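These notes concern the structure reproduced below.
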Amino acid sequence: TDYVRPARQSFEGDRLCRYADERLAKRLKMLAESQGASLYMVMLAAYYALLARYTGQDDMIIGTPVAGRSHPDTDGMIGVFINTLPLRASPAANKTFSAFLGEVRELVLGAMDRQTYPYNIIEKLGIGRNVSRNPLFDTMFVLQNTGDAEFRTANLQGEYVPLHGRNAQVDLTVEAEERNQRVEFTFEFGVKLFRRETIERFAGHYLAILQ
């Protein structure tokens, strides 16, 4: 971080946007298909690799949201069921990216199977609560795949309008969304921890790894 972490977590944030062009997006999809993985898994594995290079650590947890509609009875229900999963991986320097991608694939599939595990895991682990940070992870990776939903009734028409607040759920969130044949990335960061120019370099390095 650029600044000392506040004693109590601040949710004041900012965001910047970058994108992978159509050619790079196509290559990433080809890589995913060749490895039996999804585009999400490839981009997540690249994010682990970037964090490993920045931190020198090979044991890290990234949070990721899931729809939380694993039971078929929830398909037609209105409401928010979203849950956030902690994904723990080991991006060790001696692994090839292909091998690590395979590990991330198995990690994600296993986590999806266990996504309803209750969050009293914090109490069971006995790790206590630190009010300066999220209890399970400090960074998130998100794939938005809901599309630009529009709806129309007899007297009402609605359209998707992006709403970007000046907040940050965790220290750093990378959000990806496929749009117009490319992948658009939003980097949401805590301004009490990072300068904007730091995140600009960080975003550039992430795209370099994807390339």
Taking only the alpha-carbon atoms of segment 1-55, the convex hull volume per residue, in cubic angstrom, is 131 Å³
Rounded to the nearest 10 Å², what accessible area does Phe151 have for a 1.4 Å probe in the complete protein model? 120 Å²
May I ask you to list the aspartates and glutamates whose Cα is less than 16 Å away from that of Lys29, ignoring any residue fewer than eight positions away on the same chain? Asp21, Glu177, Glu178, Glu184
Shape call for segment 168-207, from the Cα gyration tensor axes a ≥ b ≥ c (a/c under 1.5 means rounded, otherwise prolate when a/b beats b/c, else oblate), comes out oblate
What number, in percent, do you get for the relative contact order of the chain if the mean sequence gap of Cα pairs under 8 Å and at least 6 apart is divided by its residue count? 36 percent
Segment 60-211 - Rg (one decimal) and Dmax (whole number), Cα, Å: 18.1, 61
So what's Rg/Rh here for segment 55-122, counting alpha carbon atoms and using the Kirkwood radius for Rh? 1.07
Under 15 Å from the Cα of Lys192, which aspartates and glutamates turn up, not counting those fewer than eight places away in the same chain? Asp2, Glu12, Asp14, Asp138, Asp171
Put Glu177, Glu159, Glu106 in order of accessible area, largest first, probe 1.4 Å, and you get Glu159, Glu106, Glu177
Could you give the alpha-carbon Rg of segment 81-159 over 2.2 N^0.38 Å, rounded to two decimals? 1.60
dims of segment 6-142, Cα set, principal axes, largest to smallest, nearest Å -> 43, 42, 31
With DSSP loop assignment and no more than 16 other C-beta atoms within 10 Å, the trypsin sites (Lys or Arg not before Pro) in segment 137-202 are Arg166, Arg195
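The values are calculated or read from the model by the stated rules, or taken from the named source; none is laboratory data. Small disclaimer: the values here were computed from a predicted structure and weren't measured. Glycine also receives a Cβ, built like all others from the backbone with ideal geometry; neighbour counts cover every protein chain displayed. Quick note on the areas: whole protein, heavy atoms, side chains included, nothing else; ligands and nucleic acids left out. Shrake-Rupley method; radii C 1.70, N 1.55, O 1.52, S 1.80 Å.
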